[in-house]
Amino acid sequence: MLMSARTVWRTGLALLLLALAALAQAQRQALEPELKAAILVNMLLFVDWPNQNTQPTAQITVCYLGIGPVSTALMQLDGKLLKGKPLRVVRVEASKIAHCHALYVASFEAASLTHVVPQARTHGVLLVGDSAGYLQRGVMLNLDVDRGRVVFDVDLNAVRQTALTISSKVLRLARQVIE
Amino acid sequence: MSSQQDRLGSSKRLSLLSTGLALLIAFFLLMVHQYVIGRQQMLEELRTEASIIGATSVAALVFNDAEAAQETMGALRFTPRITGGALYRAGGERLAAVGDFLFPVQLALSGGETLPKSLQLLDASSVSLWDDILREDVVIEGDKVGTLLLRISFLSLYWRMLEYALGVLGIATVALTLAYRLTRGLRQRMVLAEEQLELMAFYDLVTDLPNRRLFERELRLAVARSTRGPMGAALLFIDIDDFKKVNNTLGHAVGDQALRLIGQRLSSVLRSGDVVARLGGDEFGVILYGISDPEHAARVARLMVETLAEPLQTTPTPSHVGLSIGVLLLPCDDSDPTVLLQRADMAMYVAKTHGKNGFRFYSDAIDARVRSDLDIEASLRGALQHDGSGLWVAYQPQLCAQTRQLVGVEALVRWQRDDGQQMSPAEFVPVAEQTGLINELGDWVLSQVCRDLAILRTHGVEVPKVSINVSPHQLLHGCSLVERFCKTILSFGEPVSRFEFELIESALMDEDGAVVLEAFYQAGFSLSIDDFGTGYSSFGYLKRFRVSELKIDQSFVRDLPHDSESGAIVKAVIQMAHALSLKVVGEGVETQAQAEFLRIHGCDILQGYWLGRPISPMELLAYVKTLPLVE
């Protein structure tokens, strides 16, 4: 069977969404990390990075600091096409996040926040977390589980300070938006 | 008339029908156009709306947020054209639905624009005219994240079209009404013009009477009615006597007045059912209904003649005319209006030639007579065209009463027709006079006389004088008559003094002829009065026109010598004539006693069978030899 890469990735996405849909239907199933990873990646559809940034333009880079359930789930999504560009999930050092479009900070990596936040501000990196209190500490998008559903909160101020834009379409779905 | 109106009516109806049809087709096409455009527009707008809804639902679809999806779909509630909608995720599962329509839970991922079978089954009951399903993919940055299905209703489209149609009809009605009102004046004028045209087609403009066309129609009716009904009808063909005179002397304006007045007078004699029409020129036609017997028709005809006895009050000068009427009783054996008019015309012709100002009934005899007259005319015309073939001149000797010497001859025209039969002048001369051939005939007679004189001369006989008859009709042409005669005589080298022209008394009465008679005298011709005593004898005229001879009519001579009255008349005429230095000729001398009486009482010349019958030139030669020699 000869299929173009695009078709393959499209089909892949379709299948993924199918899977996710099934998950959504079920909703009680504890595939939380996968859900969080999916939401993170989906969120990227609605974020715009300014042109002069340091991130590479031919790909979408999602970084993580340490191995964890969410980062493992993120790794699964490497290569997926997003807005026509491939998704790259890489592990990085806390000091070198300039080339990331988005960075996931796990709950046990709270210590790195102090390093990461200023960098993110400077280089326009979307900080994503899933721990309580992260939002107040500079994380722009925080995922949470509320009554069995994965929800997210957004710190719009922080986003603005980073010179990023998040589409209002997705802001509507946020549980909480801090301005 | 009614059939014409019917034709007009049906043509109007047809034109109305065709206009109506055209308008209907236009309206229909307009509606179709409106529908097509409207539907297209509606679908476009709905697609735009769908894409907007889709765009706002992207996040919900991506994040599988049914609540948010339901929220965005909620906006559809406010659109009357959309009766339902559903959002489907990329996998085909229904995420949210609104509206009355039952959307399937699972959407089969088939490519293309065709409806999935599940939906088609649902839609089997409804036609694509009323409802439809709009399908729109929800896309973000080129990635399809879901499908939006909208159930749309075309009802609003149809309502709009209905409003449009009513609007158009309303406007059309208003416009037509206005146009109708505004063109009222025009239409009225048109109706008037049509009436006028009809009038002109069937009515004579000068007299306001029906014209020939209408009259022929009425005649057809009359034939039908008289054939069917108990009472007969009569057709009168009326010709105005001497109308040409009125026209020529008083002008055409007066002539028209006269015609109008004549029409009025004729109408006054008729009853309400009768018809009078002007057939053209100076001819009128009348149809009388309720004619039970010929006398009835005769009464009316007489009445008509009498009403025109009074002069017509034309301005500036009154004019006077007479009527010649031909009467044909209906029904008769023919029904063709043309034939009927012809017959009445023939009868009128006879009336005219027999004294005018009267009427004649048509009969077969008239038919025969008129036909025979026409035949004579044709033959005579032919004969004259062929140098007078068949025509010849006979000469009756005129002898001196005393010496019985030949003093002259009277030239009398004779005609031997192709079939060998001799036709007497009494038959063909009147025809010649009526048809105007008399002039040609007269000219020919003169030429022939000259030729005969030449022949006689070659045989040694010199005729002293030739008398030629001149018809009053010849005088109508004026002095050109005299000029022609002079020319002819000169061309034969004959002296003017040899010729004498005989006229009847009534010829002197006509004022128009006076100048011609003067011309005769001036040219050197002598004039003789023929049939003296039978007409209007005016001695004043005898003097005025310098007549040189009188010819006592044979009716007086016939009764000589036994009838004392005739004798007295003859004696008196001779005496009077001599007193005026006129010569006297006794006509119709058939006995010696008559000859003797005339001679005794001083008659100068004798003419009659006793002395010699009209004979051919050759016979004349022989005759001359029998006479006593000239001293």
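Only Lys, Arg, Asp and Glu carry charge here, each on its Cβ (+1 for the first two, -1 for the last two); on that basis chain A has a dipole of about 460 debye about its Cα centre. In chain B, the longest principal axis of the Cα atoms and the axis of helix B:184-202 are about 30 degrees apart.
Rounded, prolate or oblate: which one fits region B:340-413, using the alpha carbon gyration tensor with axes a ≥ b ≥ c (rounded when a/c is under 1.5, else prolate when a/b beats b/c, else oblate)? Oblate shape, in that a/c is at least 1.5 and b/c is the bigger or equal ratio.
Remark: the protein assembly as shown projects, on average over all directions, an area of 72.4 nm² (convex hull of Cα atoms). Across the protein chains, with a 1.4 Å probe defining accessible surface, the residues B:Tyr395, B:Tyr180 rank B:Tyr180, B:Tyr395 from largest area downward. Each of B:Leu102, B:Thr534, B:Leu14 was placed along the dipole of the protein assembly as shown (beta-carbon charges, centred on the mean Cα), and the one lying farthest toward the positive end is B:Leu102. Interface B-A: total buried accessible area of about 1700 Å², 1.4 Å probe, protein heavy atoms only.
Accessible surface for B:Arg39 stands near 50 Å², nearest 10, in the context of the full protein assembly shown (1.4 Å probe).
Between the residues B:Val393, B:Ile574, B:Ser153, the greatest Cα displacement towards the positive end of the dipole of the protein assembly as shown, with unit charges on the Cβ of Lys, Arg, Asp and Glu, is found for B:Ser153. Counting only alpha carbon atoms, the long axis of helix B:511-523 and the longest principal axis of chain B meet at about 50°. If you take all other residues with their beta carbon under 14 Å from the beta carbon of B:Ala224, and give Lys and Arg +1 and Asp and Glu -1, the sum is 0. Per residue of A:147-153, other chain Cβ atoms within 10 Å of the residue Cβ number 1 on average.
Taking every alpha-carbon pair under 8 Å whose residues sit at least 6 apart, chain B reaches a relative contact order of 8 percent. For the residue pairs B:Lys352/B:Lys543; B:Lys356/B:Lys551; B:Lys487/B:Lys583; B:Lys543/B:Lys625, the C-alpha atoms sit more than 31 angstrom apart in B:Lys352/B:Lys543; B:Lys543/B:Lys625. What the phi angles of region B:318-334 give under the Karplus curve with 6.51, -1.76 and 1.60, with θ = phi - 60°, is a coupling list of x, 10, 10, 9, x, 10, 10, 10, x, 10, 10, 8, 10, x, 10, 6, 10 Hz, glycine and proline written as x. Of all accessible surface on chain B at a 1.4 Å probe, what whole percent is carbon and sulfur? Here it works out to 58 percent.
In the complete set of protein chains, residue-level accessible area for B:Cys332 is approximately 40 Å², probe 1.4 angstrom.
For the residues of A:6-15, the average number of beta carbons from a partner chain within 10 Å of their own beta carbon is 2. Other residues whose C-beta falls under 9 angstrom from the C-beta of A:Ile178 contribute a net charge of -3, scoring Lys and Arg +1 and Asp and Glu -1.
Pairing the Cα long axis of helix B:252-269 with the longest principal axis of chain B, what angle in degrees results, from 0 to 90 and rounded to the nearest 10? Once rounded, the angle reads 90 degrees. For chain A, the fraction of 1.4 Å probe accessible surface lying on carbon and sulfur atoms is 55 percent. Accessible surface comparison of B:Arg160, B:Arg260, probe 1.4 Å, protein chains only, largest first: the order is B:Arg160, B:Arg260. Once backbone amide H atoms are built at 1.01 Å from N, B:Glu502 has B:Ile468, B:Asn469, B:Val470, B:Ser528 as its partners under 5 Å, excluding neighbours fewer than 5 places away on the same chain. Averaged over the residues of peptide B:67-76, the number of Cβ atoms from other protein chains lying within 10 Å of each residue's Cβ is 1. Expressed per residue, the C-alpha convex hull volume of region A:32-178 stands at 96 Å³. Per residue, the accessible area of the protein assembly as shown comes to 51 Å², computed with a 1.4 Å probe over protein heavy atoms only. Rounded to two decimals, the Cα-based Rg/Rh of region B:451-544, with Kirkwood Rh, is 1.01. Charging the Cβ of each Asp and Glu at -1 and of each Lys and Arg at +1, and nothing else, the dipole of chain B about its Cα centre rounds to 780 debye. For the pair region B:409-487 and region B:158-209, the centres of their Cα atoms are 72 angstrom apart. If you wrap the Cα atoms of chain B in a convex hull and average its projected area over all directions, you get 54.6 nm².
Positive-end ranking of B:Val584, B:Ser467, B:Leu380 along the dipole of the protein assembly as shown, with charges on Cβ about the Cα centre, is headed by B:Leu380.
Of the residues making up region A:159-176, those losing 20 Å² or more of accessible area when the isolated chain is joined by the remaining protein chains, with a 1.4 Å probe, are A:Lys169, A:Arg172, A:Leu173.
Taking the Cα centre of the protein assembly as shown as origin, work out the dipole magnitude from +1 charges on Lys and Arg Cβ and -1 charges on Asp and Glu Cβ, in debye rounded to 20. Using only the charged Cβ atoms, the result is roughly 4900 debye.
Given a 1.4 Å probe and the protein chains as shown, B:Glu198 ends up with an accessible area of around 60 Å².
The values are calculated or read from the model by the stated rules, or taken from the named source; none is laboratory data. These figures come from a predicted structure and were not determined experimentally. Cβ atoms come from the backbone with ideal geometry, glycine included; neighbour counts cover every protein chain shown. Heavy atoms of the whole protein, side chains included, go into the accessibility calculation; ligands, DNA and RNA do not. Shrake-Rupley method; radii C 1.70, N 1.55, O 1.52, S 1.80 Å.
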